[in-house]
Amino acid sequence: MSGNTLDQASGSGGTPVIGPGGTIGILGGGQLGRMMALAGSNMGYRFVTLDPTPDAPCGQVAEQIVARYDDQTAARGLAQRSDVITYEFENVDAKVAALLEETSLVPQGSRLLYTTQHRLREKRAVEAAGVKVAPYEEISSEQELRSAVERLGLPAVLKTATGGYDGKGQWVLRSAEDIAPAYEELSRAGTELVLEQFVPFVKELSVIAARSPRGEVSTFPVAENIHQDNILHISIVPARIEDDVKRRAEELAARIAEGMEAAGLLAVEMFLTADGELFVNELAPRPHNSGHYTMEACTTSQFEQHIRAICNLPLGRAELLTPVVMVNVLGEHLEAVRTAMANGQWLSIEGEQPVVVPKVHLYGKSGAAPKRKMGHINLLCHEVEDGLQWIEQTKIWRNEHK
């Protein structure tokens with residue numbers, strides 16, 4: 001512990017303020033931890049991360065403990081070096097998080113982690129906050145799945161209760177013939193299954209909410225998200241929806257963050273239907289891919305806001321400064337992006353007011369495998385349609401946003 005715990009935690013329910021100069025421990029060393037450390041370093045914090053992969057993205061900009069996430073000895077070593085501990089993805093071992101809570105400051109706590117890393121517990125928590133989720137049923141046998149399909153109808157989505165991300169651990173059931181193979185494959189995961197009624201949405205939206213231990217809550221502007229192969233492709237801000245929907249989406253996210261007594265960020269993904277209803281799809285108790293646009297387009301980035309929240313500092317303003325389109329750089333895009341950066345074709349500015357200004361963020365990962373997230377680009381623009389046209393004109397993404 002570095003001893004940078006301040007006393008001025010008035011109104012924070014006894015949770016101390018961790019001031020600049022303190023050390024923040026991160027469970028997980030991926031790109032979210034990397035961007036968290038970069039933002040927090042500007043504020044004067046030091047970082048140490050625990051990740052099993054040597055030279056992990058976060059480990060390139062912070063001290064790294066190379067160990068498995070369930071290594072309790074390594075977790076205690078992380079605690080000894082840290083004034084406050086956070087996590088960058090929700091599949092961290094909840095038992096380790098609970099152990100750390102006993103001896104360290106872990107504002108997010110293991111309870112939120114325990115809830116959000118399990119789809120059934122997460123859905124029940126969202127419902128308890130008075131927010132709609134798609135109708136669902138717990139599944140423990142193929143016969144239960146067949147009965148649930150009869151009640152919920154098709155199409156429907158069968159998902160594993162734990163471990164799913166970027167489309168993994170789920171199967172869209174479109175006909176009765178899908179039931180047996182879907183159950184056979186997903187039941188191998190060794191966890192409960194959940195069947196969700198398919199929501200006929202017109203847009204996918206997300207809101208990043210922040211809450212500090214002192215109870216202050218703030219939300220970022222709504223992002224409109226487009227996925228390809230179940231991986232986020234682009235986020236568009238401001239979202240192309242009515243102002244009333246934006247207001248309700250932000251209020252919904254704030255209500256969930258308050259109801260779950262979250263600390264730090266809580267990303268709330270939701271579906272918008274043709275009649276204007278909002279259904280929560282998933283939660284993530286951390287910075288989120290759909291919040292990367294905040295890095296240049298908002299008065300405070302999601303990463304700085306997360307640092308502020310877990311350190312119990314006053315939250316920053318979360319206002320949009322410019323329209324923005326975020327596009328993900330996957331493994332199959334990386335070489336073309338690097339080439340474009342090297343020859344300067346994106347950096348040349350014609351005229352005094354360029355229509356689109358690209359801000360490139362690469363994560364330092366080794367091995368550019370297809371569909372692997374290697375970076376993202378924030379396109380600052382006068383109108384979001386300009387950013388979408390820029391993506392199309394590069395031909396790197398092969399018109400995937402359509």
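The values are calculated or read from the model by the stated rules, or taken from the named source; none is laboratory data. Being a predicted model, the structure only gives us computed values, none of them experimental. Cβ: placed from backbone, ideal geometry, glycine included. Neighbour counts: every protein chain shown.
The set of residues in segment 80-138 that are over 23 Å from Thr15 (Cα atoms) and basic (Lys, Arg) comprises Arg119, Arg121, Lys123, Arg124, Lys132. Would you point out which residue out of Ile226, Ile241, Ile208 is within 18 Å of Phe279 (Cα to Cα) and in a loop (DSSP other than H, G, I, E, B)? Answer to the selection: Ile241.
All conditions in (1) part of a strand (DSSP E or B); (2) at pLDDT below 95; (3) surrounded by 18 or more Cβ atoms within 10 Å (Cβ to Cβ) hold for Val172, with the sole exception of (3). Taking each residue of segment 91-105 that is over 14 Å from Thr162 (Cβ atoms) and looking for partners that are modelled with pLDDT of 75 or more and β-branched (Val, Ile, Thr) with beta-carbon atoms closer than 6 Å, six or more apart or interchain, yields Leu100/Ile85; Leu100/Val106; Ser104/Ile85; Leu105/Val84.
Scanning segment 181-233 for residues that are surrounded by fewer than 18 Cβ atoms within 10 Å (Cβ to Cβ) and of a type in the set (Asp, Glu) turns up Glu184, Glu185, Glu192, Glu216, Asp229. For the residues Leu154, Leu112, Leu120, Leu105, the requirement of being within 30 Å of Arg372 (Cβ to Cβ), aliphatic (A, V, I, L, M) and at pLDDT 90 or above singles out Leu120. Scan segment 175-205 for residues that are part of a strand (DSSP E or B) and among the β-branched types (Val, Ile, Thr) and jot them down. Val194, Val202 - these are the residues of segment 175-205 that are part of a strand (DSSP E or B) and among the β-branched types (Val, Ile, Thr). Checked against (1) touching a residue at least 40 places away in the same chain (Cβ under 8 Å); (2) farther than 16 Å from Thr219 by Cα, Ala249 meets all criteria but (2).
Going by what's in this entry, would Val357 be described as in a strand (DSSP E or B), at pLDDT 90 or above and more than 23 Å from the chain's Cα centre (by Cα)? Criteria met by Val357.
In summary, no strands (runs of 3 or more DSSP E) completely within segment 23-84 bear 1 or more residues that are of a type in the set (Phe, Trp, Tyr), within 20 Å of the chain's Cα centre (by Cα) and at pLDDT below 95.
Scanning segment 15-74 for residues that are buried (at least 16 other Cβ atoms within 10 Å of the Cβ), among the hydroxyl-bearing types (Ser, Thr, Tyr) and within 17 Å of Asn91 (Cβ to Cβ) gives Thr49, Tyr69. Set side by side, the residues Lys123, Lys132, Lys95 differ, and just one is of a type in the set (D, E, K, R) and closer than 30 Å to Arg34 by Cβ, which is Lys95. Of the listed requirements (1) surrounded by 14 or more Cβ atoms within 10 Å (Cβ to Cβ); (2) assigned to a loop (DSSP other than H, G, I, E, B), Gly130 misses just one: (1). Does at least one position in segment 134-155 carry a residue that is surrounded by fewer than 19 Cβ atoms within 10 Å (Cβ to Cβ), within 24 Å of Phe279 (Cβ to Cβ) and polar (S, T, N, Q)? Yes - at least one qualifying residue is present in segment 134-155.
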